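Let me begin by presenting the structure, written as structure tokens, before commenting on it.
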């Protein structure tokens with residue numbers, strides 16, 4: 001029974017074609033009895049299916065144009081126009097087959113995920129490896145993933161790995177990931193066996209979330225019924241009225257049947273669904289799951305975009321912003337190395353941030369020993385010959401914090417940062433500031449949305465006003481609504497929706513009501529399953545929000561092509577109906593003409609399969625590889641930039657010690673300047689090629705020159721003074737120069753991340 005159900009469209013098409021062709025062969029052989037019998041059989045076959053489709057539409061209380069095909073087939077039998085009836089059945093069979101093929105094409109990329117879902121994981125237990133059901137994997141479990149196996153849950157790499165991420169990102173080439181990187185479930189191990197520490201259970205991992213999206217998409221109603229239904233409400237009565245008038249005025253029922261034959265609305269039944277399903281397929285290919293044709297239509301109509309902040313315009317997970325040391329004699333990189341070594345065995349999200357920062361700076365990590373978690377406070381263990389503790393300030397520094405601790409807390413409060421304090425061998429030695437950085441592609445995404453027709457962009461967040469305003473200014477929104485709870489977000493959507501169609505973008509549990517209330521809800525599910533992805537109409541499975549602008553372009557193009565196919569096809573059908581009504585087009589000729597109209601309409605619709613204009617930047621593999629190398633060096637320079645601020649903070653006019661400043665200058669000339677020159681020689685031309693012109697890189701080149709100019713000024717200043725001759729005004733000038741250089745570098749790094757590195761596909 002299942003076999004028949006899965007292949008009914010193919011069977012209808014084959015049977016109707018065989019009956020039509022067999023009848024044609026018999027007619028050419030002058031065996032008219034056999035020809036009529038074959039064509040009558042084809043007509044009856046189509047009549048049976050049309051009755052079933054019409055009854056199904058009535059049960060769903062859905063307007064349907066299938067009633068026209070039913071009347072045309074019944075009329076063809078009544079007036080003995082069996083050839084026309086058999087031709088209509090072939091048209092219907094062709095339409096059903098193409099519709100089924102388009103549906104399968106749209107879900108093909110995602111269905112592969114369901115088929116490849118891992119059922120078991122290999123867990124390391126007491127020196128051996130045990131196969132366990134994937135649902136039994138817990139956070140903190142150490143897993144072994146063999147060559148060619150799918151990563152079963154989200155986790156952190158314990159060693160470097162080569163991964164095939166094509167199924168999630170579309171990136172065709174395997175990528176290398178260093179130890180400490182967080183990897184998503186669903187990617188394939190393309191290198192030697194790797195060890196992975198689970199940071200999420202299976203139900204909360206990326207793979208499970210995408211599988212649920214696929215199941216929802218497969219269970220959704222057939223796409224693009226809205227426009228067809230609206231037209232059907234007008235077209236069906238018009239057809240019946242014209243057929244009745246032709247019959248009444250001519251007293252010839254054949255004319256009425258001829259009108260019904262050419263009125264068979266295959267452009268609605270075939271062409272429009274093909275265009276819309278092609279749009280769903282194109283969107284899925286770039287990592288955007290649109291849950292049906294209705295959602296695609298609403299996405300195309302959206303004019304007001306509302307963004308949540310955390311995880312949408314920002315990364316959604318903490319990143320290391322700075323390392324603050326308790327004294328000048330403590331090395332910040334060594335503190336980070338010790339902390340990251342200990343955090344390798346912790347599944348906590350802040351641990352992932354610290355480990356990632358250390359691996360990006362290419363620090364040599366060690367496996368810790370005797371690790372213990374102090375619940376609610378932090379983590380302790382031994383790294384090399386040192387006892388290391390990480391956690392809350394009260395556990396690390398006690399109730400009487402030093403001045404440097406108060407400074408850390410002040411900076412954290414000003415910047416909205418999180419803090420993790422560290423003690424080595426029992427002594428508090430520093431702290432890590434972690435913040436949720438703005439996505440580098442967020443400003444470009446907002447500009448791209450305006451280019452595709454979004455007229456208003458609103459930031460709606462539960463965060464405090466000063467942080468929300470900062471994010472809003474940087475990304476370029478029109479309005480910022482801060483301190484919003486879920487009810488406030490719903491009210492904002494209703495207010496904006498009163499003026500234009502709305503699109504809401506979010507990724508948190510508290511965003512789910514707003515996503516459901518908006519015209520279109522868009523959820524980010526690249527990092528795992530959330531309640532928002534269940535409530536949303538559109539889900540991004542890639543960790544890039546700029547895909548949303550491309551999805552809107554795809555939706556609008558698909559809808560436009562669908563309507564073109566409908567207008568052209570139905571317009572020609574209306575002209576043919578008039579010709580049939582006045583007796584210029586008999587049923588048999590009308591059936592052939594209608595087939596030609598259908599082919600034309602489908603040809604128009606198939607244009608949607610072809611790629612259209614998108615905002616995605618095309619880069620060559622060699623440019624991508626170069627950009628990744630430069631990005632690694634760029635990340636390593638963060639420590640140098642923060643050292644500039646640290647040296648400036650420590651300067652004093654009362655006790656002038658220029659040794660740290662000289663050491664900083666040496667590092668700037670040895671590390672920073674060569675990196676900036678490499679960026680000018682390699683990154684600037686790369687970005688110019690990607691964006692199609694050198695004007696887009698002028699600001700990058702200018703800041704490269706300014707950075708080198710400021711370092712030269714620093715060299716001249718330090719050359720003219722030393723510890724014996726330094727005056728208070730020299731220290732003031734040195735501090736001013738260092739703070740200026742720090743500000744320029746921070747701005748320049750943000751420019752590179754937004755204007756250059758955000759163009760590059762992820763690893």
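From the set of residues in region 148-174 that are at pLDDT 85 or above and assigned to a loop (DSSP other than H, G, I, E, B), which is surrounded by the most Cβ atoms within 10 Å (Cβ to Cβ)?
Among them, the one singled out is 153.
A quick yes/no check of all residues on (1) crowded, with 19+ Cβ neighbours inside 10 Å; (2) at pLDDT 90 or above:
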{"residue": "433", "(1), (2)": "yes, yes"}
{"residue": "444", "(1), (2)": "yes, no"}
{"residue": "448", "(1), (2)": "yes, no"}
{"residue": "459", "(1), (2)": "yes, yes"}
{"residue": "477", "(1), (2)": "yes, yes"}
{"residue": "485", "(1), (2)": "no, no"}
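Is it fair to say residue 365 is under 36 Å from the mean Cα position of the chain (by Cα), at pLDDT 90 or above and in the same structural domain as residue 411 (by TED's automatic domain parsing)?
no
Here is a list of conditions, (1) more than 30 Å from residue 358 (Cβ to Cβ); (2) part of a helix (DSSP H, G or I), and residue 655 meets all of them except one; can you say which number that is?
Checking residue 655 against (1) more than 30 Å from residue 358 (Cβ to Cβ); (2) part of a helix (DSSP H, G or I), the one that fails is (2).
Can you name the condition, by its number, that residue 583 falls short on among (1) surrounded by fewer than 17 Cβ atoms within 10 Å (Cβ to Cβ); (2) in a helix (DSSP H, G or I)?
(2)
In the list 86, 52, 104, 37, which residue meets the criterion of being modelled with pLDDT of 75 or more, outside the structural domain of residue 292 (by TED's automatic domain parsing), surrounded by fewer than 15 Cβ atoms within 10 Å (Cβ to Cβ) and assigned to a helix (DSSP H, G or I)?
Exactly one of 86, 52, 104, 37 is modelled with pLDDT of 75 or more, outside the structural domain of residue 292 (by TED's automatic domain parsing), surrounded by fewer than 15 Cβ atoms within 10 Å (Cβ to Cβ) and assigned to a helix (DSSP H, G or I), namely 52.
With a cut-off of at least 2 residues that are surrounded by fewer than 22 Cβ atoms within 10 Å (Cβ to Cβ), name the strands (runs of 3 or more DSSP E) lying wholly within region 258-346.
Fully inside region 258-346 and qualifying: 319-325.
Cβ-Cβ distance below 6 Å, separation of 6 or more or different chains: which pairs start in region 605-629 with a residue that is over 16 Å from residue 552 (Cα atoms) and assigned by TED's automatic domain parsing to the domain that holds residue 674 and end on one that is at pLDDT 85 or above and assigned to a loop (DSSP other than H, G, I, E, B)?
none
The values are calculated or read from the model by the stated rules, or taken from the named source; none is laboratory data. Everything numeric in this text was worked out from a predicted model, so none of it was measured. When we count neighbours, we look across all protein chains shown, and the Cβ atoms used for this are built from the backbone with ideal geometry, even at glycine.
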